[in-house]
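This report refers to the structure that appears directly beneath it.
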Amino acid sequence: MAEESITAEALDALTARLDEVEVYLHLDEKRECAAELERQSAQPGFWDDAEHARAIMAELSAARDDVKAVEDARAELADARAALDLAGEMGDDPEAADLVAEAASTAEVLGRSIDQLELTSWFTGEFDHGDAIVTIKPGQGGLEAQDWTFMLFKMYMKYCARHGWKVTVNDCPAAEQIGIDRATFTVEGKDAFGMLRAEAGVHRLVRISPTDAKKRRQTTFAGVEVIPVLPDDIDIEIAPDDIRVDVYHASGPGGQGVNTTDSAVRVTHLPTGIVVTCQNERSQIQNKAACMQILKARLYELELQKREDKLDEIRGPKTEIGFGNQIRSYVLYPYQMVKDLRTGVETGNVDAVLEEGDLDPFIIGYHRWATSAE
């Protein structure tokens, strides 16, 4: 929003968007919820059950955050409108231009805040506001696909860092020649699953192959799976006889040894054939615990599929990681373009996407598209 174009109509448009957000977020209900949770937290013996108390405090914090975000946005909107009104009353006074610039700057920041609030208001799924487990696997393309998998892994690391999310890399073994065999990592942060589920699907890369002596153009694919970290109150029982646990030496991208003991763990769920590996931690016990968390999340997803046939709600349709199934194309040659094939969102600044993790335009675009399609 350029400073010279700020108008009362533009502020009216922001007000209308904020009104919609307040409705979607059920702000009055959240105010009542926060008040009730505050009463509970003040009761004697509240902390006797520490786990329950932490859950209540987390819910209270989330409700307060939503209320405060909208109230702060309303205050900023009022400031921008007051500055613009005062500038109009000042006529040709040189200070009027400064007030218009102040209003425009406030409105620009406010617009970004409302973008984020709109996004949060669209997250109505059971797990949208929680943490996520992301897995990236090579698809068609051979060695190139393994390199592409590593490129995507680094892109998501940058994206998570931009949002201040905590990332735990559970598994990221190096491929024999280039790239990685796969990557699985857990992302902890506000709305992590809601945001990242936009990335589930097949990602296509077109570039000059770095491994081809003739410098021919290569098309490569990798698949991204995003599933939620299950809350503690969802219990998935796994019989000890249903799993096989193997241990082995851990290694990371580039072939370096993580440590010199057999600390890496592979858990195979025999009834379903699901295999989960983890080598991030330095003990078998910690790696096995991480594997079991991921396994439970995948079994829960599988149960949803069998019970309700609604797998798309969790990670999107299961398709071959190859031609015709991609959700987004990253073209580095003969031109440069990243384009989401679902929403039409695109950019020519591929470095911002791949090197800096600037994925918000694509993720916000996806959720706006998905919400409008409902």
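Details
- Any hit, the stretch 366-374, residues being modelled with pLDDT under 95, under 16 Å from residue 197 (Cα atoms) and in contact with a strand residue (DSSP E or B) (Cβ under 9 Å, 6 or more places away or on another chain): yes
- For the stretch 245-274, the set of residues classified as more than 21 Å from residue 296 (Cβ to Cβ) and either modelled with pLDDT of 95 or more or exposed (fewer than 15 other Cβ atoms within 10 Å of the Cβ) (or both) consists of 248, 249, 254, 255, 256, 257, 259, 260, 261, 262, listed by residue number.
- Among the residues of the stretch 178-220, those that are in a strand (DSSP E or B), out of contact with any Lys or Arg (no Cβ under 7 Å at 6 or more places or on another chain) and under 23 Å from residue 287 (Cβ atoms) comprise 180, 183, 184, 185, 186, 187.
- One residue stands out in the stretch 307-328 among those that are surrounded by fewer than 17 Cβ atoms within 10 Å (Cβ to Cβ) and under 20 Å from the mean Cα position of the chain (by Cα): the one that is modelled with the highest pLDDT, namely 318.
- Filter pass, residue 147 being in contact with a strand residue (DSSP E or B) (Cβ under 9 Å, 6 or more places away or on another chain), closer than 30 Å to residue 217 by Cβ, surrounded by fewer than 22 Cβ atoms within 10 Å (Cβ to Cβ) and acidic (Asp, Glu): no
- Complete set of residues in the stretch 90-133 that are small (Gly, Ala, Ser), at pLDDT 85 or above and in a helix (DSSP H, G or I): 96, 97, 101, 103, 104, 105, 107, 111, 113
- Residue in the stretch 194-203 that is in the same structural domain as residue 359 (by TED's automatic domain parsing), farther than 15 Å from residue 222 by Cβ and of a type in the set (D, E, K, R) present: yes
- The lone criterion from (1) more than 27 Å from residue 343 (Cα to Cα); (2) surrounded by fewer than 20 Cβ atoms within 10 Å (Cβ to Cβ) left unmet by residue 126 is number (1).
- The residue list 299, 304 contains one member that is assigned to a helix (DSSP H, G or I), more than 23 Å from residue 153 (Cβ to Cβ) and either modelled with pLDDT of 90 or more or touching a Ser or Thr at 6+ places or on another chain (Cβ under 6 Å) (or both), which is 299.
- Boolean, residue 208 is over 29 Å from residue 69 (Cα atoms) and surrounded by fewer than 18 Cβ atoms within 10 Å (Cβ to Cβ): yes
- Unique residue being among the β-branched types (Val, Ile, Thr), surrounded by fewer than 23 Cβ atoms within 10 Å (Cβ to Cβ) and free of Cβ contacts under 8 Å to residues at least 60 places away in the same chain when the list is 109, 169: 109
- Counting the residues of the stretch 172-187 that are touching a residue at least 40 places away in the same chain (Cβ under 8 Å) and more than 30 Å from residue 113 (Cβ to Cβ) gives 9.
The values are calculated or read from the model by the stated rules, or taken from the named source; none is laboratory data. Predicted model, so just to flag it, every value in this text is computed and none were measured. Virtual Cβ from ideal backbone geometry, glycine too; neighbours counted across all protein chains shown.
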